[in-house]
Amino acid sequence: MKFSKTIAKALTLSAVAAPALFAATAFQNQVGFLTNGQKQMAVIDAAGKDVVFKDAEGNTVLTVTAPETIPWEPAGDTAASLVDFTELKTAGTYQAFVGDDSIGHPINIADNALEDVTKGALKFFYFQRSSTELTEEFAGKYARAAGHPDTAVKYHASTGITDTAATFNGSKGWYDAGDYGKYVVNSGITVYTLLQLYQQNKEYFKDLNLNIPESENEIPDILDEIKWNLDWMLTMQDTDGGVFHKLTTLKFAGTVMPEKATAQRYAIGKAQEATWYFAAVMALASEIYQPYDEEFSKKCIEAAEAAYRWGVANELTYYEQPSGVTTGSYTGAAEWPARLWSLIEMYRVSGEKHLLEASKKWAITLKMKGVQNWQNTYMLGLYTIATNPDLFEKDMVDSAKTVIFSMADDYVKSMDKSGYGLPLIRSDFYWGSNGIAANKGMVLIHAYILSQEEKYLNAATSILDYILGRNPLDVSYLTGFGVNPTMNPHHRPSQADTVVAPVPGMVAGGPNASATDCAKKYTNENAVAKSYYDNSCSYATNEVAINWNAPFAYLVGSIQAIAATGKTYDVTEKPLARYEIASIPFASSNLRRAQFQEGQRLVVRGQAVQVELKDRNGVKRYFNLKGKQVR
C-alpha cells in the first residue's frame, strides 16, 4: 500500500510536533561524526545494558555499557544514558544495537563529516540574497526570479529626511529572516560572526567552494557572500555618517515569492544602535578584505570612522518604531556594549590610543557576562580583546579571558546534570533557542582557541549534535540535513515555491516554551525542549533568521576546520593593515548624562529626548533638555 503525499506529510508533521510516533530509542547527531572527534548518543531505557556498535557488514566493532540514566530538566521525564563511542575512529557507516534491536539512526563517521553541513549553513545566505535572480546553476530546484531591486528606496520621515520624492539605491543584502526586510542591527552581529569564522580559519575557508556566482574569482567564497551584504550595509549610511535602522515595507508582505512582494520600500529610522553596529563591522571588514580589494577596504574604514563621528555627536538618539510601521523593530539593543565593541574593533585596525582610552570607560567585569545576541554585543568586543593579546593591554586581555572562561566553565559544568550531555538549561528555551545554543558554542570555541583544552571543544560539539538530532524530539533542526529534518519552516520562499522540501541549510528557531502562536498547544512548561511545532504557521518556533544561522555556521565550520587543518587560530597574528582614525571628543558637550542630577532619568518620548523627574508626590514630570517642562 502506498501512502499519499498528504498522509506522508501529516505523519512527518506529527512526528516532530509532539513526541514522535516512531520515537527513536536513542538520539544522536543525524548527519555525521568526525573520525577523531567526540561521539556520543543519548539512549533511553538502557542503563547497565551493552550498546553494541556494528559496521555495515554486521561485525561488532565496539561495545559500551550504558551508564546510569540522568534526567535533563528541559526534556521533562525523558531521562537518558549518555553513551560515548569516541573510540570508534574508523571512517564508515555503523549502527547501534541493544540486544537484537537497532537503536537510533545510521552513524556516519568521516574526516569531512561536517563539511557539507558547513557549506549548507553558509549557502543559506546565498538563498537569502535580495535584488538578484537565483539561477538554476547555483540554486538548483530553488531557482527564483529577482526580487526587491531596491534601486528606488524612499526615506521614511523617521530618517529626518523630509523630501518625500527623494530615493536612493539600497540594493543587495540578505533578507533578514522568514520575511523580506533588511535590518542593520541584525546584519551587524551576523556579519561579524561570519567574518570571525573566516578570520579564525583562513586556511580551511580559502578554497571552500560554495557554488555561488562568484566562485571562480580569487576571493574566498565565504567573503564573496559576506560582501553581498556589506555592499548593502554601506548604502544605508547617510551623508552625515549616521546609519539608517532598516530597509523594509511599512507592513510585512504576504506569503509570496520575492518578486511578487512589490510594495514600496523605505529606509526607516537613523539612530545609535545601527550606527555603532555598522562601525564595528566595517572596521573588521576593512582589515579582512584588504588583501583582496584595497579600494573596498578603504571604503569600509572611512565608513566606520564617519559612523563613529556621528555616534559621538548624537549619543542620545535611539531608535523607536514609528507609528504605521509594523515590520521587525529591533528596538532595545544595548547601546553602550555596541559602542564599546566599535571602539575595540577600530582600535584593533588602527592602533590609535585615543580609541583604546575611550573604551576604558566601561570596565570588563563578570557582572556583564552573558551569551551574545543582537540585543547585546558585549561579548563580541571581548572576543577581539582576548584573541589579540599583543595589541591590547594585559589587564584588559586577562579580564576578557576571565569572562570567556567563566561562561565556558559554567556550560561545561551544566553538562554533568544532563543525560543528554548538553550545556543547555531551562532558561535557554525561548524565542530562537537554537540561536542561543549556537552562540553558546561560539563562547566554547573561543575558550578552546585560548586554552587548547578539549573539554571546551567537546562541549561545543555536543551543542552541534543537539541541533542535528541529539534532542528529545529526534529532530535535525537544519533543513535538508539528517534523517528527520525540519520540513515546514516559517520562510516565505519555502512556503510560496512549488518545491515540497524547504530551502536547505536553514536553522529553525527551535523549542520556545513561551510561544503564543499556533505552537502554543505544543508548549510544555515541564519539558521546554519539546515545545516545538514543525509548521510554517509557527514563527515563534520555526522561523529562520540570519542571526541564528551565522553562529551555527561558526560552530560547525570551526569544528570542521580545526579537524581538517589540525590548527586553531593563532592569537599572535597581527592585523594586515593599519589605518589612521582621527581623534574625536568622546562625548558631545551638551548632551552628557552626567549633567543631570542623581535620580533623574533621560527618556525618549514622542521622538525627543527628555528628562524624567518625580515630584514629592511621586508624580512623573517631563522636561526638555533646556529645562522647560513639557506635557
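By the Cβ-Cβ criterion of under 4.7 Å, the unpaired cysteines of the chain are CYS300. Restricting region 331-425 to GluC sites (Glu not before Pro) that sit in a DSSP loop and have at most 13 other Cβ atoms within 10 Å of their own Cβ leaves GLU393. Principal-axis analysis of the Cα atoms of the chain puts helix 5-17 at an angle of about 70° to the longest axis.
Assign one of three labels to region 257-377, namely rounded, prolate or oblate, based on the Cα gyration tensor with a ≥ b ≥ c the square roots of its eigenvalues; rounded applies when a/c is under 1.5, prolate when it is not and a/b is larger than b/c, and oblate otherwise. It is oblate, given that a/c is not under 1.5 and a/b is not larger than b/c.
The lysines whose alpha-carbon is closer than 19 Å to the alpha-carbon of LYS54, local same-chain residues fewer than 8 away aside, are LYS39, LYS89. Taken along the Cα-to-beta-carbon direction at a fixed 7 Å, the label points for LYS455 and ASP517 span 3.9 nm. Within the shell of other residues whose beta carbon sits under 11 angstrom from the beta carbon of ALA508, the net charge comes to -2, with Lys and Arg scored +1 and Asp and Glu -1. Taking a ≥ b ≥ c as the square roots of the eigenvalues of the alpha-carbon gyration tensor, region 356-445 is classed prolate because a/c is 1.5 or more and a/b outweighs b/c.
Once the Cβ-Cβ distance of PHE296 and GLU320 is raised to the sixth power relative to R0 = 45 Å, the FRET efficiency obtained is 0.85.
Working note: Karplus 6.51/-1.76/1.60 with θ = phi - 60° gives region 347-357 the couplings 5, 4, 8, 10, x, 6, 5, 5, 6, 4, 5 Hz, where Gly and Pro are set to x. Applied to region 322-333, the Karplus parametrisation 6.51 cos²θ - 1.76 cosθ + 1.60 on θ = phi - 60° returns per-residue 3J(HN,Hα) values of x, 4, x, 10, 10, 6, x, 8, 6, 8, x, 5 Hz, with x for Gly and Pro. Stretching LYS353 away from GLU259 to a fully extended chain increases their span by 29.0 nm, per 0.36 nm per residue minus the current alpha-carbon distance. The fraction of accessible area contributed by carbon and sulfur in region 161-316 is 46 percent, rounded to a whole number (1.4 Å probe; ligands and nucleic acids excluded). All other residues whose Cβ lies under 12 angstrom from that of ILE463 are scored, Lys and Arg at +1 and Asp and Glu at -1, for a net of 0. Listed cross-link partners LYS455/LYS567; LYS417/LYS521; LYS123/LYS567 are compared with a 18 Å cut-off, the Cα-Cα value being larger for LYS417/LYS521; LYS123/LYS567. For the chain, a crude dipole built from +1 on the beta carbon of Lys and Arg and -1 on the beta carbon of Asp and Glu, taken about the Cα centre, is about 2580 debye to the nearest 20. Once you reduce region 290-358 and region 30-101 to the center of their Cα atoms, the two points are 48 Å from each other. Taking all protein chains into account, the per residue accessible area for region 295-419 stands at 38 Å² (1.4 Å probe).
Whats the longest run of the chain with zero chymotrypsin sites (Phe, Trp or Tyr not before Pro) that are DSSP loop and have at most 12 other Cβ atoms within 10 Å? In the chain, the maximal stretch lacking such sites is 23-631. The aspartates and glutamates whose alpha-carbon is closer than 13 Å to the alpha-carbon of LYS360, local same-chain residues fewer than 8 away aside, are GLU393, ASP395. The stretch between ALA582 and THR135, if pulled fully straight at 0.36 nm per residue, gains 156.4 nm over its current Cα-Cα span. With helices as the sole contributors, the chain gives -11000 deg cm²/dmol at 222 nm; each DSSP H run of n ≥ 4 counts as -39500 (n - 2.57), and the sum is divided by every residue.
For the chain, the longest principal axis of the alpha carbon atoms and the long axis of helix 221-235 meet at an angle near 30°. Taking 25 Å as the limit for the C-alpha separation, the pairs LYS369/LYS394; LYS413/LYS520; LYS172/LYS298; LYS202/LYS440; LYS260/LYS299; LYS202/LYS574 exceed it in the case of LYS413/LYS520; LYS260/LYS299.
For region 33-108, the carbon plus sulfur part of the accessible surface works out to 46%, probe radius 1.4 Å.
Inter-part distance, region 221-284 to region 413-435, computed on C-alpha centroids, equals 33 Å.
Take every Cα pair under 8 Å whose residues are at least 6 apart in sequence, average their separation, divide by the length of the chain, and the relative contact order is 17 percent. Residues in region 423-543 average 28 Å² of solvent-accessible surface per residue, probe 1.4 Å, ligands and nucleic acids excluded.
Per-residue Karplus couplings for region 296-312, computed as 6.51 cos²θ - 1.76 cosθ + 1.60 with θ equal to phi - 60°, are listed in order as 5, 4, 5, 4, 5, 6, 5, 5, 5, 5, 5, 5, 4, 4, 5, x, 5 Hz, Gly and Pro entered as x. Per residue, the solvent-accessible area of region 181-287 (1.4 Å probe, heavy atoms of protein chains only, all protein chains present) comes to 27 Å². Let me make sure I get this right: for region 135-198, a, b and c are the square roots of the gyration tensor eigenvalues over alpha carbons, sorted descending. Under 1.5 in a/c it's rounded, otherwise prolate if a/b > b/c, else oblate. Which is it? Oblate, because a/c is 1.5 or more while a/b does not exceed b/c. Other residues with beta-carbon under 10 Å from the beta-carbon of PRO575 carry, at +1 per Lys or Arg and -1 per Asp or Glu, a net charge of +1.
The values are calculated or read from the model by the stated rules, or taken from the named source; none is laboratory data. What you are looking at is a predicted structure, and each value in this text was computed from that prediction instead of being measured. No Cβ is skipped: glycine too gets one built from the backbone with ideal geometry, and neighbour counts run over all protein chains shown. Surface accessibility is based on the protein's heavy atoms, side chains included, excluding ligands, DNA and RNA. Shrake-Rupley method; radii C 1.70, N 1.55, O 1.52, S 1.80 Å.
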